[in-house]
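Here the structure is laid out as C-alpha cells; the discussion comes afterwards.
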Amino acid sequence: MSFQAYIDNIKTKTGKSPEDFKKIAAQKGFIIEGNLNPNVKATEITNWLKEEFELGHGHAMAIYATFKGKTK
C-alpha cells in the first residue's frame, strides 16, 4: 500500500486529515511549535492513535511520519 493510500484510508475512517491529527497532537503536547516534542517517543504517539482513533499500527505510523515531515 502506498503512503498516500494509508493517508486516504485514515481520512475515510476517521474524517481527519494529517493536519487535523497534528493539531490534536499539539494540544496533547506531542508537538511543540510545529515540531515533534523530543521527550515523546514514537510509541506514545502510535499508542494514542491506536487507542483513540482505532488505527492499525501501519496507519498510526503513517500519521507519525507526517509529524516528522513526510508528505509522500
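Quick note: the coordinates plus some simple rules give every number you see, no bench work behind them. Just so you know, these numbers come straight off a predicted model, no measurement behind them. Don't worry about glycine lacking a Cβ; one is built from the backbone with ideal geometry, like all the others, and counts go over all protein chains shown.
In the chain, helices alone account for a calculated mean residue ellipticity at 222 nm of -19000 deg cm²/dmol, with every DSSP H run of four or more residues adding -39,500 (n - 2.57). The distance from the alpha carbon centre of region 28-65 to that of region 8-26 is 11 Å, rounded to a whole number. Take the Cβ atoms of Asp8 and Glu51, set R0 to 22 Å, and the FRET efficiency comes out at 0.50. If I take R0 = 25 Å and measure r between the Cβ atoms of Ile32 and Met1 in this structure, what FRET efficiency does the formula 1/(1 + (r/R0)^6) give, to the nearest 0.05? After rounding, the FRET efficiency stands at 0.25. Modelled this way, with points 7 Å down the Cα-to-C-beta line, the labels at Ser17 and Asn39 are 3.1 nm from one another. Database remark: amide H of Ile31 closer than 5 angstrom to the amide H of Ala26, Asn37 (H placed geometrically; neighbours at sequence offset of 5 or more, or on other chains; Pro and chain starts carry no H).
Seen against the Cα atoms of the chain and their longest principal axis, helix 18-27 is set at about 30 degrees.
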